Amino acid sequence: GVTRLLLTRIPFFKEIIVSSFACDSCSWSNTEIQSAGRIQEQGVRYTLAVTSRQDMNREVVKTDCATARIPELDFEIPAFTQKGVLTTIEGIIDRAVAGLEQDQPIRRATDEEVARKIDEFISRLKQLKEVHSSFTFVIDDPSGNSFVENPCAPQKDEALVVTHYRRTPQQAAMLGLELEERPADSVEDLRNEVLQFNTNCPECNAPAHTNMKLVQIPHFKEVIIMATNCDSCGHRTNEVKSGGAIEPQGTRITLRITDPSDMTRDILKSETCSVEIPELEFELGMGALGGKFTTLEGLLKDIGELVERNPFTLGDSSTPSKAQKLQEFLGKLREVIEGKTKARFIMDDPAGNSYLQNVYAPEEDPELTVEHYERTFEQNEDLGLNDMKTEGYEAEGASGR
């Protein structure tokens, strides 16, 4: 047979390698995927409420280290039991049915009771494909490289919940990751020095350098800015991490864009911050675009590029309605950037580590509203605060010994 390899990009996600095998003699075919990127900084969990036949056609990237679950059936596909695959939700169910049916003839001969129970379970799996009643589909991937399609993009999908989380030491060990201990540098050294370390370019994988600097933002706090420049392909990227602790309260910042000069305001968007533009019916979830320190115009252009670089709207894979929908959104976004349309720009950061420049500082900005709110239990869970204990743990550890 022949195996074909294709490097492609999943919209609103990342690059993957699709390998397809076909045999002309027996017509058997198989498709597998491998991530073309690195293991992400955080794991990801997709929870989808499947309510219609259209949901069964959603594209799914499931890596070999991801776990797929259907809680209503108490059904689970454990990690490392299947190769990575690019398919649909219906395809994952079909693959599970085929795996269960494979050894049924032997089971019927050796243990008829077990075979009967598996037949009943297979029947329930097949009934899920008709979606007579809604069910929940969950993909949990510690590597962060799995994906479930959002057909409403760039708008928010109400049926899909995406959660990013920190890997446990057990999950990191499962992925073969080891934490290196380095001597701690003083804060003063970090303030006065640009640190440089070797890395690989995220686009062409050529050796490159990443520069890191601790910067004080006026009327805000310290942040760490990291910039990577590649001499081979010219790719440039920057990312921002908060240099301080998680704030006691979350922050919601609302800017009414009324003048083109608003585009020059400095913005710090942390990796835990979500962005919303109600007039465009647009919402960008936390984790998307990572942390950024730029201007309002720069962030809106990055959002436009994220939407425009969508391979499902190009070539044979595009549909006229979806392509037209995205083009209309890009046109409205350009009008906002050019100052032709007034809009509200909302940043919601549960960690309180995002910032939007007040050009009237230290006076109040009439177009800028900053609200502080108490985080919900779910938001604290996403930030890893519910199980965090910062007081009294020394005595507890000593009594445990």
Just name the residue that is farthest from G287 (Cα to Cα) out of those in the stretch 71-91 that are aliphatic (A, V, I, L, M) and in a strand (DSSP E or B). I77
Report, by residue number, each residue of the stretch 24-58 that is open to solvent by 50 Å² or more (accessible area, probe 1.4 Å) and among the aromatic types (F, W, Y). W28
Sort out which residues of the stretch 134-152 are under 10 Å from L48 (Cβ atoms) and either out of contact with any Lys or Arg (no Cβ under 9 Å at 6 or more places or on another chain) or of a type outside the set (D, E, K, R) (or both), and write them in order of number. F135, T136, F137, V138, I139, V148, N150
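Here's the yes/no breakdown for (1) acidic (D, E); (2) at positive phi; (3) under 16 Å from the mean Cα position of the chain (by Cα); (4) part of a loop (DSSP other than H, G, I, E, B):
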site: K117; (1), (2), (3), (4): no, no, no, no
site: R124; (1), (2), (3), (4): no, no, no, no
site: V138; (1), (2), (3), (4): no, no, yes, no
site: N150; (1), (2), (3), (4): no, no, yes, yes
site: K156; (1), (2), (3), (4): no, no, yes, yes
site: V162; (1), (2), (3), (4): no, no, yes, no
site: Q170; (1), (2), (3), (4): no, no, no, no
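Pick from R375, R344, R334: which is part of a helix (DSSP H, G or I) and either open to solvent by 30 Å² or more (accessible area, probe 1.4 Å) or not assigned by the TED database to the domain that holds I224 (or both)?
Details: R375 fails: part of a helix (DSSP H, G or I); R344 fails: part of a helix (DSSP H, G or I).
After applying the criteria, what remains is R334.
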Return yes when V50 is touching a strand residue (DSSP E or B) at 6+ places or on another chain (Cβ under 8 Å) and closer than 21 Å to S143 by Cβ and no when it is not. no
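Is it the case that the stretch 59-70 has a residue that's surrounded by fewer than 16 Cβ atoms within 10 Å (Cβ to Cβ) and either assigned by the TED database to the domain that holds N145 or not in a loop (DSSP other than H, G, I, E, B) (or both)?
Of the stretch 59-70, the ones surrounded by fewer than 16 Cβ atoms within 10 Å (Cβ to Cβ) are none.
No: zero hits.
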Failed condition for F135, given (1) over 30 Å from L326 (Cα atoms); (2) modelled with pLDDT of 90 or more, with all others met? (1)
Condition set open to solvent by 60 Å² or more (accessible area, probe 1.4 Å) and among the polar types (S, T, N, Q), scope the stretch 178-222, selection modelled with the lowest pLDDT: answer is N192
Could you tell me whether any residue of the stretch 100-117 is touching a strand residue (DSSP E or B) at 6+ places or on another chain (Cβ under 8 Å) and either in the same structural domain as Q171 (by the TED database) or over 15 Å from D141 (Cα atoms) (or both)? no
All-but-one check, G250 against (1) modelled with pLDDT of 85 or more; (2) surrounded by fewer than 19 Cβ atoms within 10 Å (Cβ to Cβ), failing number (2)
Quick one: in the stretch 92-134, of everything that is hydrophobic (A, V, I, L, M, F, W, C) and open to solvent by 40 Å² or more (accessible area, probe 1.4 Å), which residue is farthest from E59 (Cα to Cα)? A109
Identify, please: which residue in the stretch 262-291 is of a type in the set (G, A, S) and in contact with a Phe, Trp or Tyr (Cβ under 9 Å, 6 or more places away or on another chain) and is, among those, surrounded by the most Cβ atoms within 10 Å (Cβ to Cβ)? S270
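The values are calculated or read from the model by the stated rules, or taken from the named source; none is laboratory data. This structure is a prediction, so every number in the text was calculated from the model and none was measured. Reconstructed Cβ throughout: ideal geometry from the backbone, glycine too, with neighbour counts over all protein chains shown. These accessible areas exclude ligands, DNA and RNA; they are computed on the full protein's heavy atoms, side chains included. Shrake-Rupley method; radii C 1.70, N 1.55, O 1.52, S 1.80 Å.
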